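Every read-out reported here was derived from the displayed coordinates using simple, explicitly stated rules and does not represent laboratory data. Here the structure is a predicted model, which is why all the values come from computation and not from measurement. Counting neighbours? That spans all protein chains shown, and the Cβs are built from the backbone with ideal geometry, glycine included.
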Amino acid sequence: MTQPTSPGTRPDARGLNMTLLAARYHASVVDGLVEGARAAWLAAGGEPGRLRLEYVPGAFELPLAAQAVARGGGQDGVVALGCVIRGETLHFELVAGECARGLRQVGLAGHLPVAFGVLTTDTEAQAIARSVPGPDNKGAEALNAAVAMARLLRSF
């Protein structure tokens, strides 16, 4: 039996199948999250052919796509990547909140790790800082969380 990842250790993606769902809105930021997740997948021993990438229009559409992945089977987890930047209206709160709520529901109902890699920032500069290559890339962080949860769930 494979043991779950301990804090401070690198997740083990060997033998797992994972889907990245990436929102097209704020593409330059999300592209950085995708690259961070891909790099983390390879660093964790994941095979390139076992990491699927699909795009959705925006963060609001991520839960429905994640639900389709969960219902389709064959995946050990989903990494939802997107970006919502605060503006002058309630749009930020509505999109970010419903995205988070929907992804949580998909994970619980589908018994599938669904990692929340959706940036919710006040400014574009904050989003860019979290999507550039390096240790602060939130795409890599979300991928590592999904891998760790997939391993944990396999251990039960």
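Some observations on this one:
- Filtering segment 70-98 to residues that are under 30 Å from Ser155 (Cα atoms) and surrounded by fewer than 24 Cβ atoms within 10 Å (Cβ to Cβ) leaves Ala70, Arg71, Gly72, Gly73, Gly74, Gln75, Asp76.
- Condition check for Leu42: out of contact with any Phe, Trp or Tyr (no Cβ under 7 Å at 6 or more places or on another chain), within 17 Å of Leu143 (Cβ to Cβ), among the hydrophobic types (A, V, I, L, M, F, W, C) and surrounded by fewer than 20 Cβ atoms within 10 Å (Cβ to Cβ): yes
- Elements of type strands (runs of 3 or more DSSP E) contained in segment 9-91, each with 2 or more residues being under 15 Å from the mean Cα position of the chain (by Cα) and more than 21 Å from Asn144 (Cβ to Cβ): 51-56
- Within segment 118-133, the set of residues being outside any helix (DSSP H, G or I), in contact (Cβ under 8 Å) with a residue 60 or more places away in the chain and surrounded by fewer than 16 Cβ atoms within 10 Å (Cβ to Cβ) comprises Val132, Pro133.
- Every condition in (1) surrounded by fewer than 21 Cβ atoms within 10 Å (Cβ to Cβ); (2) touching a Gly at 6+ places or on another chain (Cβ under 9 Å); (3) free of Cβ contacts under 8 Å to residues at least 40 places away in the same chain is met by Ala115 except one, and the failing one is (1).
- Scan segment 92-117 for residues that are of a type in the set (Gly, Ala, Ser), closer than 21 Å to Arg52 by Cβ and not in a strand (DSSP E or B) and the total you get is 4.
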